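Working notes, beginning with the structure itself.
The values are calculated or read from the model by the stated rules, or taken from the named source; none is laboratory data. Source: prediction; values computed, not measured. Cβ: placed from backbone, ideal geometry, glycine included. Neighbour counts: every protein chain shown. Each accessible area value is taken on the protein alone, full model and side chains, heavy atoms only, with ligands, DNA and RNA left out. Shrake-Rupley method; radii C 1.70, N 1.55, O 1.52, S 1.80 Å.
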Amino acid sequence: MGRVSSLVIGLMACLMAASVHGEDPYVFYTWNVTYGTVAPLGVEQQGILINGLFPGPEINCTSNNNIVVNVFNFLDEPLLFTWNGIQHRKNSWQDGTLGAQCPILPGTNYTYHFQVKDQIGSYFYYPSIGMHRAVGGFGGLRIYSRLLIPVPYADPADEFWVLIGDWYGKTHQTLRQFLDSGRSIGRPSGVHINGKNGGLEPAYTMEPGKTYKYRICNVGTKNSLNFRIQGHPLKLVEMEGSHVVQNIYNSLDVHVGQCFSVLVTADQEPKDYYMVASTRFTKKTLGATRIIRYSNGVAPASPELPPSPEGWAWSLNQFRSFRWNLTASAARPNPQGSYHYGQINITRTIKLVNTLSRSGGKLRYGLNGVSHLDNETPFKLAEYYGVSDKVFQYNLISDDPNSLIGDLTLASNVITANFRDFIEVIFENPTKVPQSYNLDGYSFFAVAIEPGKWSPEKRKNYNLLDAVSRHTIQVFPKSWAAIMLTFDNAGMWNLRSELGENRYLGQQLYVSVLSPNRSLRDEYNLPDTQLLCGIVKDMPKPPPYSS
């Protein structure tokens with residue numbers, strides 16, 4: 001072959017290679033989910049382990065990585081995992097909730113495949129069916145920024161997970177039986193930090209003069225927790241995927257489902273110090289401690305623990321103090337605050353009021369008068385196969401509920417939203433108990449949190465520049481919270497109370513966001529490996545979306 005021909009073929013090969021866009025890197029995990037013995041409060045009980053670990057193994061990845069998790073269910077019950085805060089762009093098939101997926105049956109496996117598209121930060125995963133999360137199966141999920149994207153603080157010497165939560169000391173079957181019988185699960189028995197309640201062995205060791213990142217998540221079932229480190233201030237640098245203005249806090253209230261990243265510098269006397277997590281808004285304060293040790297430490301930790309703050313007003317004011325870092329890049333090389341949200345017209349306002357009922361002697365929770373029930377056929381599959389009318393009815397609730405909501409209606413609670421509409425959601429909490437909500441599939445902007453009842457006139461109190469992009473929102477007693485978001489992610493998405501009892505007993509709904517074009521540009525097709533169940537199990541597969 002002549003030199004010219006070789007050059008032509010080489011040039012063609014280069015052009016062909018340049019025209020093919022390689023996929024983002026893959027990260028693979030295999031999980032064996034089993035029962036095992038755990039003892040967060042010192043008393044052995046049955047818990048849920050992943051690969052023999054409690055808490056479960058970390059998912060460690062970088063923005064835009066593809067995550068593949070092959071889950072083998074060795075429990076005696078159906079199982080699903082949800083990935084708290086992961087948006088699953090165009091891919092609610094992997095969300096891990098009963099409205100979007102069929103459960104993984106005992107003795108079988110399922111492989112999750114999702115991309116952490118344009119996300120960074122600290123998150124966690126957990127089993128989403130029944131009361132599984134109350135006994136384990138949870139773990140940390142960290143997403144690093146890509147190397148070329150600047151981070152607004154120096155690399156820490158090391159990073160540490162701090163998974164905190166309340167603990168009931170009962171099996172998940174017992175807790176479920178309480179709820180099925182119409183009873184509350186009551187108060188927890190204690191609190192854990194990374195699956196332990198105390199001890200003098202160090203959870204982590206720090207070298208003097210170095211700075212460390214602590215990724216703190218409340219993986220519990222019911223209670224907000226205050227976290228603090230004896231003698232060490234906490235510099236907040238990230239929450240739920242957003243870089244924030246780096247304020248200093250002596251302690252942080254971490255509500256159920258929330259995650260914070262803080263920097264801690266080892267600049268104190270070289271000895272041991274306590275990490276402390278304790279319940280908030282409870283008559284009796286429960287707590288847990290773990291030791292942090294200096295590598296050259298020569299003395300035990302002081303028995304005098306830093307006090308917990310009091311009252312929910314303190315917590316509300318701290319929540320308001322969080323500020324988005326408008327100059328920092330997030331997962332992309334553009335400032336987090338470069339979008340002009342204040343100039344977008346609100347196309348719809350949805351007000352959600354949480355209520356409870358003890359009709360017939362059985363406790364139920366609901367939103368706008370409907371207490372949610374799951375169905376044997378996931379709502380997303382029913383839509384895809386064109387049989388939703390045989391499974392559920394859309395929009396049983398109104399956007400502006402009557403102030404006097406009567407007895408709860410038990411039904412599948414699915415509302416619709418127009419693709420790419422900009423929507424305001426008002427969470428109103430008329431009870432004396434704090435509430436915490438999560439909306440899968442989206443980041444939203446908390447623009448106001450205030451006592452009392454919401455009214456349109458109170459929009460003047462909104463301040464988008466003071467908002468923080470997040471996926472969990474706290475609603476304080478006798479208060480309301482307003483968020484704004486764009487429903488730009490097609491799919492079937494779960495909006496739920498993060499409180500395990502409330503969610504199980506109906507305080508949740510699903511938002512169906514359909515692409516009008518049924519296009520792969522907006523949503524992925526049903527994966528070939530997706531589990532099928534309910535009335536669609538033996539139906540012929542619908543034609544795929546067009547490109």
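Based on protein heavy atoms only, region 75-118 ends up with 26 Å² per residue of surface accessible to a 1.4 Å probe.
Just to confirm the filter: which GluC sites (Glu not before Pro) across region 369-430 are DSSP coil and have at most 14 other Cβ within 10 angstrom of their Cβ? Here the GluC sites (Glu not before Pro) that fit, given the DSSP loop and packing criteria, are E376.
Determine the percent antiparallel among the DSSP beta bridges restricted to region 158-321, to the nearest 5. Here the antiparallel bridges make up roughly 80 percent for region 158-321. Residues whose amide H comes within less than 5 Å of that of A330, counting only those at least five positions distant or on another chain, are Q336 (H built at 1.01 Å from N in the peptide plane). Taking label positions 7 Å along the Cα-Cβ direction at both K283 and R459, the computed distance is 4.3 nm, reported to one decimal.
Average accessible surface for region 341-514: 37 Å² per residue, computed with a 1.4 Å probe over protein heavy atoms with every protein chain in place. Accessible surface for Y29 stands near 50 Å², nearest 10, in the context of the full protein assembly shown (1.4 Å probe). Relative contact order of the chain: 14 percent, from C-alpha pairs under 8 Å at least 6 residues apart in sequence. Annotation note: trypsin sites (Lys or Arg not before Pro) in region 494-535 located in DSSP loop regions with a Cβ neighbour count of at most 10 within 10 Å are absent. Here the simple spin-label model places points 7 Å from the Cα toward Cβ, and for F419 and R187 these points are separated by 5.1 nm. Of the residues W454, W312, the one with the largest accessible area comes first in the ranking W312, W454, computed with a 1.4 Å probe on protein heavy atoms. Centre-to-centre, using Cα atoms only, region 372-434 and region 166-182 are separated by 26 Å. Our note on the geometry: Cα centres of region 84-138 and region 518-536, 16 Å apart. Calculated [222 nm] ellipticity per residue, helices only, for the chain: -2500 deg cm²/dmol; basis is -39500 (n - 2.57) per DSSP H run with n ≥ 4, divided by all residues, nearest 500. Could you tell me what percent of the accessible area of the chain is made up of carbon and sulfur, with a 1.4 Å probe and every protein chain present? Its accessible area is 53 percent carbon and sulfur atoms. With contacts taken as Cα pairs under 8 Å at a separation of at least 6 residues, region 244-377 carries a relative contact order of 17 percent. Residues of region 182-216 with an amide N closer than 12 Å to a point placed 7 Å from the Cα of N296 along the Cα-to-Cβ direction: 207-210. For a paramagnetic label modelled on V27 (point 7 Å from Cα along Cα→Cβ), amide N atoms under 15 Å away belong, within region 322-336, to 331. Please give the Cα centre distance for region 245-317 versus region 480-498, rounded to the nearest Å. Using only Cα atoms, the two centres lie 31 Å from each other. Applying 1/(1 + (r/R0)^6) with R0 = 56 Å to the Cβ-Cβ distance of K432 and L105 gives a FRET efficiency near 0.85.
Bridge orientation summary for the chain: considering DSSP beta bridges with both residues in this region, about 70 percent are antiparallel. Taking a point 7 Å from the Cα of V151 along the Cα-to-Cβ direction, the residues of region 21-63 with backbone N closer than 13 Å to it are 61-63. Working from Cα pairs under 8 Å separated by at least six residues, relative contact order for region 217-323 is 29 percent.
Note on region 26-144: along the principal axes its Cα atoms extend 42, 28, 21 Å, ordered by decreasing extent. How much of the DSSP bridge set in region 341-514 is antiparallel, in percent, rounded to the nearest 5? The answer is about 70 percent antiparallel.
In the context of the full set of protein chains, residues of region 158-321 present 38 Å² of accessible surface per residue (probe radius 1.4 Å, heavy atoms only).
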